[in-house]
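Written out below as structure tokens is the structure these notes cover.
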Protein chains: 2
Amino acid sequence: MKLLFIVMDGLGDRPIPDLGGKTPLEYANTPNLDKIASLGMNGLLHVIAPGVTPGSDTAHLALFGVDPYEYYTGRGPFEAAGVGLEVKEGDIAFRANFATISDNGVITDRRAGRIKTGTEELSKLLEGIEIDGIKFLLKAGTEHRAALVLRGEGLTDKVYGNDPKVEGKEPPIFKPLDESSEAQKTARVLTTYVMKVRDILSKAEINDKRVQEGLFAANFLLIRGAGKVPKVPNFEEEYCLESACVAGGGLYKGIARMLGMDIIEDERLTGGTDTNLEAKFEVTLENLKNYDFVFAHVKGTDNFSHDGDYMAKAHFIEKVDKELYRFLPVNFDQELVIMITGDHSSPCSFKDHSADPVPIVIYSSDCRRDEVDKFGESYAVKGSLGHVVGKHIMGIALNEMRLVHKFGS
Amino acid sequence: MKLLFIVMDGLGDRPIPDLGGKTPLEYANTPNLDKIASLGMNGLLHVIAPGVTPGSDTAHLALFGVDPYEYYTGRGPFEAAGVGLEVKEGDIAFRANFATISDNGVITDRRAGRIKTGTEELSKLLEGIEIDGIKFLLKAGTEHRAALVLRGEGLTDKVYGNDPKVEGKEPPIFKPLDESSEAQKTARVLTTYVMKVRDILSKAEINDKRVQEGLFAANFLLIRGAGKVPKVPNFEEEYCLESACVAGGGLYKGIARMLGMDIIEDERLTGGTDTNLEAKFEVTLENLKNYDFVFAHVKGTDNFSHDGDYMAKAHFIEKVDKELYRFLPVNFDQELVIMITGDHSSPCSFKDHSADPVPIVIYSSDCRRDEVDKFGESYAVKGSLGHVVGKHIMGIALNEMRLVHKFGS
């Protein structure tokens, strides 16, 4: 038996007067989601706890059964894993920006003019840097983004970064956040590192070319979001499931990678609103052949929520729905358990995450169906799952897979 | 955006055959509560946890998001804060009664004939008493009631009081509850204190007059309910809300004061069944202008429950309902979030608190309304809040206020 777990980012919403008091999900025409709802068990999911507004990072940990209060140390480690850096327990990970610094040491652009290409080559120039026995591993992400990992003895994440947050200022020095020798050392090696970085990048050909073209040179690194890489539980071992992640966004791939899932790389999978949904679910279907568990993440719902564009959110949900026919019992020739939900609500009226619960449906061929026959926030109130919290859903899904781990005898 | 939190003490009840199988709340004619229910999200509240019967003190801590298992040390500290004593962390606080002791040392009336006036003057005679470096702060409450605070080094709340519980007996000596030197010291200074108290009060003019009038002299103090004043979280800081309490009963004011809320004093606000409800909700309305959060407490519902008088309870609920028109969206000209519930159930058939959940409604202008259109125990079953616990409701209400504190990023 297989488990398909589809997460639509920021799926949950609130009643919108222009949509006749319906949420975007309720307003959208979603015959496939409704079919799954009518065959499955429905409920409302509090991803972390009732009244708690999740971040995307803490939410996904909770969805996979990992307690964010215990394991979340900051976004750096997950972003680093997401760009493909092999992070190890104890590494100190940061988010980084390629930025532009002037000759007199002032940050003139925090994103190097939102540089589109060339950061991978620039990262290569910075390979192999080692200071006081500490290895510096940098990897470029999309546009100006990058992740930095420090590996070695005597480090800590109790250090504040060098991002002035505004342009026209000098970058602040790395500040130790406590009195420990680890914090002193981490701040010191980072200071030396960015001096070296500036020196190397300012001599890079790519930057000469950018300056000639009137573009901002990517001649500096702004570093923030320190987090010590935690030892998270291994998802595959925990649940005895060969697991794969089909996602575009770096954060989601990063969390999945840290939990031990295989990351399915396909350039058609982007984390945006223009992602190729047909490809995403085709890849998902393909991988259900070889894996017991496939996590498919769709980001667009959240992007439209942050814009407050409820009509576009509804239409995007319809596009997702259209691709789900593949997994309906009539079309899928194996026993499949399906779990569909969001990682949090993002009401278009908030333009941000909220603590409202998200509808969830869990389907298996002999589950305890309820009277709910549409997928939506208000319909889910009558579902047989009731109100559930994130940490319990993997257990409920495993039960549908008949992968029962009896507690006691 | 403002938050109005109305607590009707002991609101929840059980079906009563004489009321056609309805609860007093369901039986009562409550158009305003029903309107709020129909516009809001309904559910059933387990104030502490399912199956746990709350006291009034622990219940209110839980309603304000303070874990009573961590912070509740006994009723004394909250009663002391309620009568207006400035309690400090580490103080040992007690509830006290003015009582009558005969010349041969027997308690003849545990409440000094339910003395109505004069206890404030008597308390003044006891000001400034200090024994072995311990300060004794006494403050009179309503009728025979008072609160006592011991302040100084080497004290503990592990001491049993001097209340014989019945009349016609000598007061027992203060008993240390463990072998510690603190318990010995606390019992010793209390013993010395009540001897002094008896000496001073027996010479008081007020008591001479009372005896001449054939009344019981208030010439002794019975002391019970020891509790060490805990360091509770500051509600205003925790939630970033300027907060006010509109209540009559000392306990509720005491809890609110300890949590850092402003106490609105108005002599029309009593904690009884004859309280001026019009004044209470007029004062509440006034204070919603200057505060982000107003807690309005109504005690009468619980009083009638303890008498088992379900018809009076229903009528009292109707009187409360009549005053709530002020807060309906059509009459209130600001964005208002309304949360209405009880601190526990007090079924008239129990004549005491019970663990039955209490109906709760949370309203905001764009909340996820449900199909519930009446406020009541059995109606709330179908609500979109489902079953909630006390520690989560402030988070849910803050979410309605869009005061979102994201956990993670």
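I'd like the residue in the stretch A:70-92 that is in a loop (DSSP other than H, G, I, E, B) and either in contact with a helix residue (DSSP H, G or I) (Cβ under 6 Å, 6 or more places away or on another chain) or among the hydroxyl-bearing types (Ser, Thr, Tyr) (or both) and, out of all such residues, is surrounded by the fewest Cβ atoms within 10 Å (Cβ to Cβ). If you could, list the steps in order and put the result at the bottom.
Start the filter on the stretch A:70-92 by keeping residues that are in a loop (DSSP other than H, G, I, E, B), which leaves A:72-75, A:83-91.
Subsequent filtering for residues that are either in contact with a helix residue (DSSP H, G or I) (Cβ under 6 Å, 6 or more places away or on another chain) or among the hydroxyl-bearing types (Ser, Thr, Tyr) (or both) retains A:72-73, A:75, A:83, A:87.
Numbers: A:Tyr72: 22, A:Thr73: 18, A:Arg75: 25, A:Val83: 20, A:Val87: 25.
In this case the residue turns out to be A:Thr73.
So, in the stretch B:238-261, how many residues would count as being more than 15 Å from B:Ala59 (Cα to Cα), in a loop (DSSP other than H, G, I, E, B) and of a type in the set (Gly, Ala, Ser)?
3
To keep it simple, each residue is scored yes or no on (1) under 25 Å from A:Glu318 (Cβ atoms); (2) within 16 Å of the chain's Cα centre (by Cα).
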| site | (1), (2) |
| --- | --- |
| A:Met261 | no, yes |
| A:Ile264 | yes, yes |
| A:Thr284 | yes, no |
| A:Lys289 | no, no |
| A:Phe293 | no, no |
| A:Asp302 | yes, yes |
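This table checks each residue for (1) over 22 Å from A:Gly249 (Cα atoms); (2) not assigned by TED's automatic domain parsing to the domain that holds A:Ile360.
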site: A:Asp13; (1), (2): no, no
site: A:Gly21; (1), (2): yes, no
site: A:Ala28; (1), (2): yes, no
site: A:Lys35; (1), (2): yes, no
site: A:Pro54; (1), (2): no, no
site: A:Thr58; (1), (2): no, no
site: A:Gly65; (1), (2): no, no
site: A:Val83; (1), (2): no, yes
site: A:Ile101; (1), (2): yes, yes
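Take the conditions buried (at least 21 other Cβ atoms within 10 Å of the Cβ), farther than 21 Å from B:Phe407 by Cα and not assigned by TED's automatic domain parsing to the domain that holds A:Val83 and apply them to A:Ala279. Does it pass?
Numbers: buried (at least 21 other Cβ atoms within 10 Å of the Cβ): no; farther than 21 Å from B:Phe407 by Cα: yes; not assigned by TED's automatic domain parsing to the domain that holds A:Val83: yes.
Here the answer is no, as A:Ala279 does not meet what is asked.
Limited to the stretch B:86-114, what total is found for residues that are touching a residue at least 60 places away in the same chain (Cβ under 8 Å) and farther than 18 Å from B:Val166 by Cα?
8
Which pairs have Cβ atoms under 6 Å, sit 6 or more apart or on different chains, and link a residue in the stretch B:1-28 that is of a type in the set (A, V, I, L, M, F, W, C) to one that is assigned to a loop (DSSP other than H, G, I, E, B) and surrounded by 24 or more Cβ atoms within 10 Å (Cβ to Cβ)?
B:Val7/B:Asp343; B:Met8/B:Gly342; B:Leu11/B:Gly342
Which number in (1) in the same structural domain as A:Asp292 (by TED's automatic domain parsing); (2) in contact with a helix residue (DSSP H, G or I) (Cβ under 6 Å, 6 or more places away or on another chain); (3) not basic (Lys, Arg) marks the one condition that A:Ile200 misses?
So A:Ile200 meets the others, but not (1).
Tally time: how many residues in the stretch A:1-20 are part of a loop (DSSP other than H, G, I, E, B) and out of contact with any helix residue (DSSP H, G or I) (no Cβ under 9 Å at 6 or more places or on another chain)? Walk me through how you get there before you give the answer.
Taking the stretch A:1-20 first, the residues part of a loop (DSSP other than H, G, I, E, B) are A:1, A:9-10, A:13-15, A:20.
Filter once more, keeping what is out of contact with any helix residue (DSSP H, G or I) (no Cβ under 9 Å at 6 or more places or on another chain): A:14.
Total satisfying the criteria: 1.
Which residue pairs have Cβ atoms closer than 7 Å, lie 6 or more positions apart in sequence or on different chains, and pair a first residue in the stretch A:166-195 that is of a type in the set (Val, Ile, Thr) with a second residue that is part of a helix (DSSP H, G or I)?
Qualifying pairs under 7 Å: A:Ile173/A:Thr191.
Restrict the check to the stretch A:93-102 and report whether at least one residue is touching a Pro at 6+ places or on another chain (Cβ under 7 Å), among the charged types (D, E, K, R), within 12 Å of another protein chain (Cβ to nearest Cβ) and outside any helix (DSSP H, G or I). Spell out how you get there, then give the answer.
Pass one, the stretch A:93-102, residues touching a Pro at 6+ places or on another chain (Cβ under 7 Å): A:93.
Retained after the next criterion (residues that are among the charged types (D, E, K, R)): none.
No, the conditions are met nowhere in the stretch A:93-102.
Of everything in the stretch A:10-27 that's under 26 Å from A:Pro329 (Cα atoms) and surrounded by fewer than 24 Cβ atoms within 10 Å (Cβ to Cβ), which residue is nearest to the other protein chains (Cβ to nearest Cβ)?
That would be A:Glu26.
Which residues, counting only those in the stretch A:166-180, are exposed (fewer than 13 other Cβ atoms within 10 Å of the Cβ) and over 18 Å from A:Ser102 (Cβ atoms)?
Of everything in the stretch A:166-180, those that are exposed (fewer than 13 other Cβ atoms within 10 Å of the Cβ) and over 18 Å from A:Ser102 (Cβ atoms) turn out to be A:Lys175, A:Asp178, A:Glu179.
What number of residues within the stretch A:55-72 are under 15 Å from the mean Cα position of the chain (by Cα) and within 11 Å of chain B (Cβ to nearest Cβ)?
We begin by selecting, within the stretch A:55-72, every residue under 15 Å from the mean Cα position of the chain (by Cα); these are A:55-64, A:66, A:68, A:72.
Next, only the ones that are within 11 Å of chain B (Cβ to nearest Cβ) stay: A:55-62, A:68, A:72.
Going through the stretch A:55-72 one residue at a time, the tally reaches 10.
Limited to the stretch B:256-306, what total is found for residues that are among the acidic types (Asp, Glu) and either at positive phi or modelled with pLDDT of 95 or more (or both)? Talk me through it step by step, then tell me what you get.
So in the stretch B:256-306, the residues among the acidic types (Asp, Glu) come out as B:262, B:265-267, B:274, B:278, B:282, B:286, B:292, B:302.
If we keep only those that are either at positive phi or modelled with pLDDT of 95 or more (or both) too, we end up with B:262, B:278, B:282, B:286, B:292, B:302.
Final tally of qualifying residues: 6.
Anything in the stretch A:362-409 that is without any contact (Cβ under 8 Å) to a residue 40 or more places away in the chain, more than 27 Å from the chain's Cα centre (by Cα) and farther than 25 Å from A:Ser345 by Cβ? List them, or say none.
Scanning the stretch A:362-409 gives A:Ser365, A:Asp366, A:Val404, A:His405, A:Lys406, A:Phe407, A:Gly408, A:Ser409.
How many residues are surrounded by 22 or more Cβ atoms within 10 Å (Cβ to Cβ) and over 22 Å from the mean Cα position of the chain (by Cα) when one looks only at the stretch B:137-165?
Number satisfying all stated conditions: 2.
Six or more apart or on different chains, Cβ atoms under 9 Å: show the pairs whose first residue is in the stretch A:38-54 and at the interface with chain B (Cβ under 8 Å from one of its Cβ atoms) and under 22 Å from A:Tyr363 (Cα atoms) and whose second is buried (at least 23 other Cβ atoms within 10 Å of the Cβ) and charged (D, E, K, R).
Partner pairs satisfying both residue conditions: A:Leu44/A:Asp356; A:Leu44/A:Glu377.
Assuming A:Thr119 fulfils every condition listed in (1) farther than 30 Å from A:Gly133 by Cβ; (2) more than 14 Å from chain B (Cβ to nearest Cβ); (3) in contact with a Phe, Trp or Tyr (Cβ under 7 Å, 6 or more places away or on another chain) apart from one, which condition is it?
(1)
The values are calculated or read from the model by the stated rules, or taken from the named source; none is laboratory data. Here the structure is a predicted model, which is why all the values come from computation and not from measurement. Positions of Cβ are backbone-derived with ideal geometry, glycine not excepted, and every protein chain shown enters the neighbour counts.
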